[in-house]
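Remarks on the structure that follows.
The values are calculated or read from the model by the stated rules, or taken from the named source; none is laboratory data. Not measured: the values here are computed from a predicted model. Methodologically, a virtual Cβ is constructed for each residue, glycine included, from the backbone with ideal geometry; neighbour enumeration extends over all protein chains shown.
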Amino acid sequence: MIQKSLEQVTGRQEGILLLNKPAGPTSHDMVDRLRAISGIRQIGHAGTLDPFAQGLLVLLVGDATKRAEEFIGLPKSYDALLRLGVESDTHDIAGTLCAIPVQQSPAFDAVAEALKQFRGTIEQTPPQFSAIKIKGKKAYEHARKGNFTALAPRKITIYKIEVISYQYPLLALTLHVASGTYIRAIARDLGKTLGTGAVLISLTRTRIGNFLLSDAVAPDTLTTKNWPTYIIALPETRAAITKK
C-alpha cells in the first residue's frame, strides 16, 4: 500500500479521530487498524486503554501526533464495574483470581463511607502490571516473569467517584479523574478498605477532556472510503480540549 499523508487526503496536516474501542484488542491494535485502512503511517493514540477495557480512544493523525502529551494529560471519566470478595494479581478480571472469605457483605452506607477517602488528591501505588518503567523495562514485563518490584506511590486526583449501583458482590461506579490515575488500583484499595478484596471486571472510558464517547465511531464502521469523514480538526489551544 502506498503511504499517504493526512494533508493529501483531507487538506489538513493534523486531526483526530474519536474511536469507541471494544473490549479485547489493544490500543495499538486500533492504531494499526486505522493505518491499514487509511494508508497513513503517522498515527498514534492519546492514552492507552487496557485490552479488557472499552470506550473512548483518541487517535492522533498526521502532525497531531506531535501534540500527544496535551491529550494524555487531560482528565478522564469512566464507568467501572467491580466485583467484591475476590482479588487478583492484576487487580482486574484478567489476572489470577483468589477468593477472599467475607463473613458479612458491607452495607451500602459502608461502601459510601469508604469512597470518601478516595476523593480529592491522594497517594496511589501503581499496579505491578503497568507500563511504568523499571530498569529500562515496563513493570508488567517484570511482573509476568514473577519479578515484583515495589513501586513508589504517586499523587493523583479523583474529582468524582460515586456509586451507580450496588448489590453485593457487584459494585458499579462512575469516576472523573486526573491523568495518571489507575482505576484498577482504586478497585484494589477499595477492596482493602472494605476488607473484602475487589477486582475490576469491566471498564468503559466515557470522556477525555471535552471529547465524549457518544461522539466516537466504532472500528467496524470505518472503511477505506469513509474514514476521512470522521477526522476532526484539532482545537488551537489546550484550554479548548480540557474539562475537569
(message) One residue is enough: does segment 130-138 have a residue meeting the conditions surrounded by fewer than 18 Cβ atoms within 10 Å (Cβ to Cβ), at pLDDT 75 or above, in a loop (DSSP other than H, G, I, E, B) and under 20 Å from the mean Cα position of the chain (by Cα)?
(response) no
(message) Every residue in segment 22-57 that is closer than 18 Å to Asn226 by Cα and either assigned to a strand (DSSP E or B) or touching a Lys or Arg at 6+ places or on another chain (Cβ under 8 Å) (or both), please.
(response) Met30, Arg35, Ser38, Gly39, Ile40, Arg41, Ile43
(request) May I ask you to verify whether Thr193 is β-branched (Val, Ile, Thr), modelled with pLDDT of 95 or more and in the same structural domain as Thr96 (by TED's automatic domain parsing)? (result) yes
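Okay, residues lined up against (1) of a type in the set (Val, Ile, Thr); (2) over 17 Å from the mean Cα position of the chain (by Cα); (3) in a helix (DSSP H, G or I):
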position: Ile186; (1), (2), (3): yes, no, yes
position: Asp189; (1), (2), (3): no, yes, yes
position: Thr196; (1), (2), (3): yes, yes, no
position: Thr224; (1), (2), (3): yes, yes, no
position: Pro228; (1), (2), (3): no, yes, yes
(request) Scan segment 195-232 for residues that are in contact with a Leu (Cβ under 9 Å, 6 or more places away or on another chain), within 28 Å of Pro101 (Cα to Cα) and surrounded by fewer than 23 Cβ atoms within 10 Å (Cβ to Cβ) and jot them down. (result) Ile201, Ser202
(request) May I ask you to say which residue of Gly62, Gly47, Gly24 is closer than 15 Å to Gly209 by Cα and in the same structural domain as Thr223 (by TED's automatic domain parsing)? (result) Gly47
(message) Please go through segment 3-35 and give me each residue that is in contact with a Ser or Thr (Cβ under 9 Å, 6 or more places away or on another chain) and of a type in the set (Gly, Ala, Ser), ordered by number.
(response) Ala23, Ser27
(message) Just to be sure I understand, how many residues within segment 72-91 are of a type in the set (Asp, Glu) and under 14 Å from Leu173 (Cβ atoms)?
(response) 1
(request) Scan segment 178-213 residue by residue and report those that are over 16 Å from Ala46 (Cα atoms) and hydrophobic (A, V, I, L, M, F, W, C). (result) Ile183, Ala185, Ile186, Ala187, Leu190, Leu194, Ala198, Val199, Leu200, Ile201, Leu203
(request) Tell me, yes or no, whether segment 10-20 has at least one residue that is surrounded by 16 or more Cβ atoms within 10 Å (Cβ to Cβ), farther than 30 Å from Leu171 by Cβ and of a type in the set (Asp, Glu). (result) yes
(request) Looking at (1) at pLDDT 90 or above; (2) over 20 Å from the mean Cα position of the chain (by Cα); (3) of a type outside the set (Phe, Trp, Tyr); (4) outside any loop (DSSP other than H, G, I, E, B), find the lone condition where Gln103 falls short. (result) (4)
(request) Inspect segment 117-125 for any residue being modelled with pLDDT of 90 or more and among the β-branched types (Val, Ile, Thr) and give the result as yes or no. (result) yes
(message) Let me spell it out: the conditions are (1) of a type outside the set (Ser, Thr, Tyr); (2) in contact with a strand residue (DSSP E or B) (Cβ under 9 Å, 6 or more places away or on another chain); (3) outside the structural domain of Leu194 (by TED's automatic domain parsing), and Ala36 meets all of them except one. Which number is the exception?
(response) (2)
(message) Condition check: polar (S, T, N, Q), touching a Pro at 6+ places or on another chain (Cβ under 7 Å) and outside the structural domain of Tyr182 (by TED's automatic domain parsing). Does Gln42 satisfy that?
(response) no
